[in-house]
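Accompanying notes for the structure given below.
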Amino acid sequence: MLIFVKKDTPEAAIRSLVIQLSRQGIGTARADSAGRTMLTLVGETWTLDEQRLLALPYVAEVKRLTPVWRLASRQTHPEDTVVSVGDAQIGKGFCLMAGPCAVESALQMQGVARAVKAAGGLVLRGGAYKPRTSPYAFQGFGAPALELLAQTRREVGLPTVSEITDAAQLPQFEQVDMLQVGARNMQNYELLRALGQQSKPVLLKRAVGATVEELLQSAEYILAGGNPNVVLCERGVRSFSKTSRAALDVSAIPVLKRMTHLPVIVDPSHAAGEAALVPPLALAAVAAGADGLLIEVHDRPAAALSDAAQSLSCTAFAELAEKIKKVREAIEA
Ligand code: PEP
Ligand code: MN
């Protein structure tokens, strides 16, 4: 971090700032030129509050050299992180993850899981706790749904991901391989902190109104707690357009890949809101360098209890999986 001190600041004020910083364990190297002073700070600068420094009357400018999301940053960790979810590896090759929005029945799960596996899917999704916008909408079947998901996992042999909405649910997720934090909970810092203190991988979705910097700081909560297994998920942000449920931020994929070593996957289903839009968005995400996709698939989309309109049929998913392979071959050629 660099601090630029205003011109003609009294020497005593600069000295007192240096002492104050050293009390906080921050070392300083000082450079003076033409009546101006610049301090280069070394140490745990991510613990410093930029706003508080800027509020000092003689501080002209503060410039961070290491981002506050230092553990998530590629600057401090240049190699790609690979997150293992059962036998699947996210961040190495391509990871197709799919399944219904919500776990509804054994029959549904059997049908969808087999279709997902046959099409090359490596991780099965299925929601048990559904944080819905309306309190009157279907909220998921909770613990019994997690039992069904675990049963399908055993029978079909795919690792699973499911959304957790409260740390108190953790014991119920013992048989779940990856914990999803939904867009609505991206800034539930107590939940993020709790997930940092356990070892299951976390799929962290970007909130509809969050910047990529805010997403990275949410990831940092989990990393700082000691859990290095975080996968980021772009799922569309809110825009003025009403033609799709959300606007898929395709540019966030290469931007995040540059900023962080964490794998970046895309959920085209919640961005699309409509099954017909899912394949083109999915293919765009693959072409833009996503490490994987999370897609909603249902054996009978029209009967789905949640997100029916955007759920792909098993046949449509199989067709999309073929196209994904072709796009991957084309970009890898
Ligand atoms: C979901 O994955 O079913 C879901 C609710 O997604 P999001 O949190 O992105 O809205
Ligand atoms: Mn959904």
Per the 1/(1 + (r/R0)^6) rule, R0 = 25 Å and r from the Cβ atoms of Gln198 and Gln175, FRET efficiency to 0.05 is 0.95
Pairs of alpha-carbon atoms within less than 8 angstrom and 6+ residues apart define the contacts here; what relative contact order does segment 1-99 have, in percent? 28
Show me 257-269, 302-314 ranked by packing, highest mean number of other Cβ atoms within 10 Å first. 257-269, 302-314
Between 0 and 90 degrees, rounded to the nearest ten: what's the tilt of helix 143-156 against the longest Cα principal axis of the chain? 70
For the chain the mean separation of alpha carbon contacts under 8 Å (6+ apart) over residue count, i.e. relative contact order in percent, is 15
Starting from the 7 Å offset along Cα-to-Cβ, what nm value, one decimal, do you get for the label separation of Gln89 and Gln75? 2.9
Based on the mean of other Cβ atoms within 10 Å per residue, sort peptides 186-192, 52-58, 321-327 so the most packed one is first. 186-192, 321-327, 52-58
For Asp32 paired with Leu53, estimate the spin-label separation in nm (one decimal), with each label point 7 Å from Cα along the Cα-to-Cβ line. 2.1
Determine the dipole magnitude for segment 221-333: charges of +1 sit on the beta-carbon of Lys and Arg, -1 on that of Asp and Glu, nothing else is charged, the reference point is the Cα centre, and the result goes in debye to the nearest 20. 260
What span do the alpha-carbon atoms of the chain cover on each of the three principal axes, reported in whole Å from largest to smallest? 76, 44, 37
Show me 279-292, 134-147 ranked by packing, highest mean number of other Cβ atoms within 10 Å first. 279-292, 134-147
Diffing segment 25-39: the Karplus 3J(HN,Hα) column from phi (6.51, -1.76, 1.60, θ = phi - 60°), in whole Hz with x for Gly and Pro, holds x, 9, x, 9, 10, 10, 10, 10, 7, 6, x, 10, 10, 10, 10
Each label sits 7 Å from Cα toward the beta-carbon; between Ala333 and Ala137 the label points are separated, in nm, by 4.1
Stretchable slack from Leu107 to Asp8, in nm (0.36 nm times residue separation minus alpha-carbon distance): 28.0 nm
If amide hydrogens are placed 1.01 Å from N in the peptide plane, which non-local residues have theirs closer than 5 Å to the one on Ile90? Val83, Ser84, Val85
Which of the lysines could a cross-linker bridge to Lys326, judged by Cα under 30 Å and excluding same-chain residues fewer than eight apart? Lys92, Lys117, Lys205, Lys257
Dipole magnitude (debye, nearest 20) for the chain, charges at Cβ of Lys, Arg, Asp, Glu: 520
Residue separation between Lys117 and Thr66 times 0.36 nm, minus their alpha-carbon distance, gives in nm 14.2 nm
How much net charge surrounds Ile26 when only the other residues with a Cβ under 14 Å from the Cβ of Ile26 are counted, with Lys and Arg +1 and Asp and Glu -1? +1
How tilted is helix 212-224 with respect to the longest principal axis of the chain? Cα atoms for both, answer in degrees (0 to 90, nearest 10). 90
Only bridges with both residues in the chain count here: give the DSSP antiparallel percent, nearest 5. 45
CD proxy, 222 nm, the chain: helix-only mean residue ellipticity via -39,500 (n - 2.57) per DSSP H run with n ≥ 4, per residue, nearest 500, stands at -10000 deg cm²/dmol
Thr165's amide H: which non-local residues (gap 5+, or another chain) put their own amide H closer than 5 Å, with H modeled 1.01 Å from N in plane and none for Pro or chain starts? none
Would you mind calculating the relative contact order of segment 52-154 from Cα pairs under 8 angstrom and at least 6 residues apart, reporting the percent as a whole number? 21
Using amide H atoms built 1.01 Å from N in the peptide plane, name the residues 5+ places from Lys6, or on other chains, whose amide H lies under 5 Å from its own. Val59, Ala60
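Read the figures in this text as sums done on the coordinates, not as results from a lab. Bear in mind that the values here come from a model prediction, so they are computed numbers and not experimental data. Note that each Cβ is placed from the backbone with ideal geometry, even for glycine, and that neighbours are counted across all protein chains shown.
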